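A short write-up of the structure that comes next.
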Amino acid sequence: MSTLGTQLPGVSFCPEAAGPRFGVLGSGKGSNFRALAEAWKSGTLGATPAIVLSDIETAGILPLGREFGIPSHFVPPGPFRTKMTPEAEEELVRLLREAKVDFVVLAGFMRVIKAPLLEAFPGRILNIHPSLLPAFRGLEAWRQALEAGAPEAGCTVHLVDAGVDTGKILGQSSVPVLAGDTAESLHARIQVAEHELYPRIVRKFAEGLKAEK
Ligand code: GAR
């Protein structure tokens with residue numbers, strides 16, 4: 001008999017199924033999603049990834065989602081490079097609602113989030129950005145840090161609002177910039193920090209949602 005979803009005190013339950021449900025949006029290889037999914041599998045995330053969605057048909061995050069047994073779909077973004085059309089965002093919202101998610105996690109999603117999604121999940125969309133915000137908003141933040149000669153770099157988890165990388169900061173982790181760093185070596189060091197930070201902050205956020213109920 002499946003014990004999925006059973007959380008009664010004193011009754012054994014599947015730790016993977018515990019906690020609020022979240023949807024994941026990503027455009028890339030999905031290493032941050034992997035860190036979250038591994039924490040979920042080990043029963044330490046306190047939240048359940050229910051669906052993975054991507055604006056890029058060939059993004060590595062889609063097969064990775066399926067590897068973890070999570071429904072994973074490509075949603076065509078429309079003709080713009082930096083945002084989805086309102087119709088495409090509405091399709092994201094439809095799929096997220098159908099998957100009964102409580103919150104949304106952006107894991108390398110490279111388009112700006114607009115009204116349909118923001119209004120469907122107000123204060124419930126998290127993003128990870130590869131800089132110590134408010135420094136270096138926007139694209140390739142690690143390269144911006146290197147080119148600016150910053151002594152340290154890092155990553156930030158924040159709530160998503162209508163601006164670009166401007167929402168309330170939930171947590172940060174810093175790494176040094178080393179002599180001889182390239183954009184690639186610095187990004188790799190930041191990603192190690194991301195993979196520790198994101199599961200930690202998602203767990204905290206999920207605890208907050210549970211306390212609200
Ligand atoms: C991560 O470094 C994330 O911080 C960055 O994209 C990478 C995705 O990697 N996101 C942004 O720059 C958003 N503005 P992943 O696909 O391996 O998780």
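Observations
- Ranked by the mean number of other Cβ atoms within 10 Å per residue, highest first, peptides 159-169, 18-28 order as 18-28, 159-169.
- Relative contact order for the stretch 70-213, counting Cα pairs under 8 Å that sit 6 or more residues apart, in percent: 18
- Euclidean distance between Cα centres, the stretch 190-204 to the stretch 100-165, Å: 13
- By average C-beta atoms within 10 angstrom, highest first, the peptides 171-180, 126-135, 81-90: 126-135, 81-90, 171-180
- Between helix 183-212 and the chain: long-axis angle, C-alpha atoms, 0 to 90°, nearest 10: 40
- Residue list for the stretch 162-190, given a label point 7 angstrom along the Cα-to-Cβ vector of residue 119 and an amide N cut-off under 20 Å: 162-164
- The residues 187, 73, 158, sorted by heavy-atom accessible surface at 1.4 Å with ligands and nucleic acids left out, run 73, 187, 158 from largest to smallest.
- The modelled label-to-label distance between residue 166 and residue 67, using points 7 Å beyond Cα along the C-beta direction, is 3.7 nm.
- Of the trypsin sites (Lys or Arg not before Pro) in the stretch 86-123, the ones in a loop by DSSP (not H, G, I, E or B) with at most 14 other beta carbons within 10 Å are 100.
The values are calculated or read from the model by the stated rules, or taken from the named source; none is laboratory data. All values derive from a computational prediction rather than experimental measurement. As a convention, Cβ positions derive from the backbone with ideal geometry for all residues, glycine included, and neighbour counts pool all protein chains shown. Ligands, DNA and RNA are stripped out before the accessible areas are found, and what is left, the full protein with its side chains, is counted by its heavy atoms. Shrake-Rupley method; radii C 1.70, N 1.55, O 1.52, S 1.80 Å.
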